[in-house]
Every structure is written in C-alpha cells, then in structure tokens.
Amino acid sequence: MGKMEEKLREPRPGKPLVVIIGAGFGGLEAAKCLKGKDVEVLLIDRNNYHLFQPLLYQVATAGLEPNAIAYPVRAILRGAKNIHFRVAEVYRIDRPKKTLSTSIGPIGYDYLLVSAGNRTNFFGNQKLSENCFELKSLNDAIDLRNHVLTCFEKALAEKELEKRRSYKTIVIVGGGPTGVELAGAYAELARHVLTKDFPMLDLSQVSIILLESGNSLLAAFPETLRGETFSKLIELGVDVRLNSAVAGVENGTVLMKTGETIKAETVIWAAGVQGVNLSDGLTDKPAKGSRVPVTPQLHLLDGKNVFVIGDLALASPDDPLMAPVAIQQARCAANNIMNSIQGKSLVIFRYKNRGMMATIGRKAAVATIYGSNFRGLMAWLIWLLIHILWLIGFRNKLIVLIDWAYNYFTYERGVRLITRKPKTNRLPELER
Ligand SMILES: Cc1cc2nc3c(=O)[nH]c(=O)nc-3n(C[C@H](O)[C@H](O)[C@H](O)COP(=O)(O)OP(=O)(O)OC[C@H]3O[C@@H](n4cnc5c(N)ncnc54)[C@H](O)[C@@H]3O)c2cc1C
C-alpha cells in the first residue's frame, strides 16, 4: 500500500466543523444533507455500520442474517469529500469547551448534531437488566437467536418436566410494535420450523407469552387495528395477556404484580426506552425518558450551535419515536446549521406524519397510512415493499428479498444457527 493511501485526510481548516454523533437514521441523513456544502463534517459512531432497526426482530427470530440489515457507513458515504467518519465511543459532551471526550481522544466542534438514539429502559431495576434480553443492537438480536435455539437444544436433554417447559417458554414484555412483531415471529418459528427440527419434543407445549400492562396492544394504532392484532396473535397461538404488569424477573421466573409466576428461560424486555446517557452533557432538565428538550428549530434551549434530533430529542410530545421523525428532523437540523452559518433565520420543524405499520406474521400486518387503515395481506404486502425499498444497498435488498421468498415458499428459516455462547450465564454451554 502506498504512503498516500495510509495518510488520513483531516477536516479542512478554515471551514466550520459540524460533528455528528450517531450514524443511525437521523445522523446519517444529516450527513447526506451536508454533503457538498461549505462545511466539514465529522460523523462519529461506535459501530462502523448503519443498522436498520425495524428488521432486528427478524434476525432475532432466525428469519434474516445479520449482514442483511447492516451496511458499512464508509460505503454509504463514499465519494463525499467533505464528510469524514470515525468509529469511536463518545463518552461526554463538554459544551463550554465545545469538545467531545471520545475513545479516540478529544474532538472539537463548531456545530454539534446529536442523533444518538435511545436505549432500553429497565426503570432502574438492575435485576431486570441482568435477567432479560433486549432488542436494540445487532448483537442483542444475535444473542437472542443463539439463546432461543440453545434453549430448544437444552429442552431435548432435560429430564425434569418443569425445567423442560421453561426452556420452551418465551415471554415478551411490552405490547408495542417490537413486542407484537417478536411474538408473531416466534410463534411462526415454533409452528413451522421447530416442529420439524425437533420432532421428538412436544412442541404443543411451546409457549409464546406476550405481557402488556395496558388494556390493548399497539396503543398508538387505531382501535380496529389493535383488535385485529390481538385476534391474529391468538390465532397464531400466542398467549396474549393484557393488563398484566411485571414486578420482576429473576432466575428464570417472571413475577407478575398479581403475585402469579411464569417459569421461562427466555424473557425479552420490550417495555420501554430512554435516551442514551449523553443527555447529561446536553441538558440539566431532561424530559421523561431522559430525552433532551429542544426548540422548534431543534437546537438546545440554551445553545444555538448544538442540535439534537431523533429518539433522543423532545421537540414535540406528539412526535413518535420512529425513523421518519429522525430523518425529517435531520433534514431540518442540517438546513438550520447552514442557515445559522449563513446568518439566515432558522426554520421550524413540523413532522409530516405518513402513518405507521407493524407486522404480525406471514400475510398479516396492520398499517395506517395517510389516515387509511389496512390489515391482513394488503398491509403485509405494503410492509414488505416499504421495507425492501427502505433498506440501504442493492446487496441488502437482494439478500432480504431472497430470504423472504425462501421463507415464504418453504416455511423455513435459513438462519437458525447457534454461532456463539449464549449471553446468559444461567444457561450452561451445550455439550460438545
Ligand atoms: C427493534 C426496533 C424496531 C423498530 N422498528 C421501527 C419501525 O418499524 N419503523 C420505524 O419508523 N421505527 C422503528 N424503530 C425506531 C427507529 O429505529 C428509531 O426511531 C430510529 O432509529 C431513531 O433514529 P436516531 O437517529 O435517533 O437513532 P438510531 O437510529 O438509534 O442511531 C443512533 C446511533 O448512535 C450511535 N451511538 C449512540 N450512542 C453513541 C455513543 N455514545 N458514541 C458513539 N455512537 C453512539 C449508535 O451506535 C447508533 O448508530 C425501531 C426500533 C427498534 C429498536
């Protein structure tokens, strides 16, 4: 390799430096909007890939391979001369010094755009975080896939009936889109795939239990679609329990607030999110869920050179925690950074809500788009099309299309591999 290729090109001095934290939906879109503009951009993420979180549940349920839903950031930004990318963990934001403390050393900025997303909210309950799985990162999804498949292998070798059942019980806490999608996908995995893989196990005793503390699933959806979701999950064999609040999870037992217990080796916590811990450096008065209050122009209430967008920001309580909000905010914030540099007035963010959707299973989804409700096959086809188009990269679109077509026609899940030791230390490693 020649010396020229080894030399790192640093942001050009003399140009305003915009540092973006997070190459998720918001951060990446903001970087793209600033491409070719008269600023230098430094995008920072702890991972070298952009993750398509809406399909994480498919990796967790062995429907898609991890590389189908992640794409290298460098490949996305190739050719953008004013955009630089660093893989680093940002630890702290020092606003008075306009500096970030990171795993690769301090990084200064003129403008800062934070789109660092959120993390699972265990509501300060340490035991919940130790004993439950979550679904936020690619590693979480791979951990879950490995764990669930390992549980079925363990069930085969288990002599004691109650223990064997607990290996075959998956409890999902939280009846929002992630909980619903996971429950439907695990029910189908059990029904169509595991029954064939484990003919010697009594899979009629596989339990997929969805616990929701409120009185309906998908609370943000119109009432008819919530009812449809409930009926479809019951039809798939999911044990849906509404008004069922969890008090704790310990040693393979879910303790309900009513005092009832459920034995389960797999408990997935999909019941709440909170802003990432960078919010400390951004506000003294975080809003509910550690979100950072911002002005309608998306900058901090007390700092016009720091913009916060996406799941971490609270611009309006009506805006849902969804990718389109982060993307639209990114366009507005990037535009406002350029306006600010050029001395122009800043524009106000208004979310254009096109709707929302959730998939329940094969040929079953619910969607509300521009005020019209869709369900069943129609909603599922819309969901498929939108997710294929939305994925980044031709290769990813192709892999997903092939995997889905294969799953559809064969009822199989090609990715049911146990590729590493499961996360939990309660589950002994499989015998070699
Ligand atoms: C399982 C799941 C399913 C979802 N399904 C849907 C759906 O179907 N439709 C929909 O619209 N939305 C969905 N969402 C929500 C959607 O993914 C988020 O609203 C969106 O990702 C928010 O974008 P963001 O830019 O704020 O954060 P993210 O996209 O989460 O990006 C944050 C980035 O910041 C990086 N980062 C965080 N902290 C640091 C740090 N300290 N140092 C360095 N890097 C850091 C992370 O690695 C990440 O790349 C889903 C979310 C999940 C978890």
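The values are calculated or read from the model by the stated rules, or taken from the named source; none is laboratory data. Computed from a predicted structure; not experimentally measured. Virtual Cβ from ideal backbone geometry, glycine too; neighbours counted across all protein chains shown. Accessible surface is based on the protein model in full, side chains and every heavy atom, while ligands, DNA and RNA are left aside. Shrake-Rupley method; radii C 1.70, N 1.55, O 1.52, S 1.80 Å.
Quick notes on this structure:
- Residues that are in a helix (DSSP H, G or I) and under 22 Å from Ser204 (Cβ atoms) within the range 231-277 comprise Ser231, Lys232, Leu233, Ile234, Glu235, listed in sequence order.
- Test result for Val292, at negative phi, within 24 Å of the chain's Cα centre (by Cα), within 16 Å of the ligand (Cβ to nearest atom) and assigned to a strand (DSSP E or B): yes
- Evaluated against (1) surrounded by fewer than 24 Cβ atoms within 10 Å (Cβ to Cβ); (2) within 18 Å of Val276 (Cβ to Cβ); (3) more than 16 Å from the chain's Cα centre (by Cα); (4) not polar (S, T, N, Q), Leu321 falls short on exactly one condition, (3).
- Restricted to the range 322-383, the set of strands (runs of 3 or more DSSP E) holding at least 3 residues that are touching a strand residue (DSSP E or B) at 6+ places or on another chain (Cβ under 6 Å) comprises 355-361, 364-369.
- Residue match in the range 129-152 (condition: in contact with a Cys (Cβ under 8 Å, 6 or more places away or on another chain) and touching a residue at least 40 places away in the same chain (Cβ under 8 Å)): no
- Looking only at the range 102-126, and only at residues there that are open to solvent by less than 20 Å² (accessible area, probe 1.4 Å) and hydroxyl-bearing (Ser, Thr, Tyr), the one that is nearest to Ile20 (Cα to Cα): Ser115
- Within the set Gly310, Gly343, the sole residue that is modelled with pLDDT of 95 or more, over 26 Å from the mean Cα position of the chain (by Cα) and of a type outside the set (D, E, K, R) turns out to be Gly343.
- Count of residues meeting criterion [of a type in the set (S, T, N, Q) and surrounded by 15 or more Cβ atoms within 10 Å (Cβ to Cβ)] in the range 371-425: 4
- Selected residue [surrounded by fewer than 16 Cβ atoms within 10 Å (Cβ to Cβ) and either at pLDDT below 95 or over 21 Å from Asn251 (Cα atoms) (or both)] from Thr178, Thr224: Thr224
- Test: residue in the range 213-221 that is more than 16 Å from the ligand (Cβ to nearest atom), free of Cβ contacts under 8 Å to residues at least 60 places away in the same chain and surrounded by 14 or more Cβ atoms within 10 Å (Cβ to Cβ): yes
- Cβ pairs under 6 Å, 6+ apart, first in the range 262-281 and polar (S, T, N, Q) and open to solvent by less than 30 Å² (accessible area, probe 1.4 Å), second within 13 Å of the ligand (Cβ to nearest atom) and assigned to a strand (DSSP E or B): Ser279/Val292
- Complete set of residues in the range 86-101 that are surrounded by fewer than 20 Cβ atoms within 10 Å (Cβ to Cβ) and either in contact with a strand residue (DSSP E or B) (Cβ under 9 Å, 6 or more places away or on another chain) or part of a strand (DSSP E or B) (or both): Arg86, Val87, Ala88, Glu89, Tyr91, Arg92, Asp94, Arg95, Lys97, Lys98, Thr99, Ser101
- Scanning the range 104-136 for residues that are among the basic types (Lys, Arg) and within 16 Å of the ligand (Cβ to nearest atom) gives Arg119, Lys136.
- Residue match in the range 184-206 (condition: open to solvent by 30 Å² or more (accessible area, probe 1.4 Å) and either within 15 Å of the ligand (Cβ to nearest atom) or touching a Pro at 6+ places or on another chain (Cβ under 6 Å) (or both)): no
- Within the range 304-321, considering residues that are part of a loop (DSSP other than H, G, I, E, B) and within 7 Å of the ligand (Cβ to nearest atom), the one farthest from Ser340 (Cα to Cα): Leu321
- Of all residues in the range 67-85, those satisfying the criterion of being over 19 Å from Ile21 (Cβ atoms), away from the ligand (no atom under 12 Å from the Cβ) and either charged (D, E, K, R) or buried (at least 20 other Cβ atoms within 10 Å of the Cβ) (or both) are Ala68, Arg78, Lys81.
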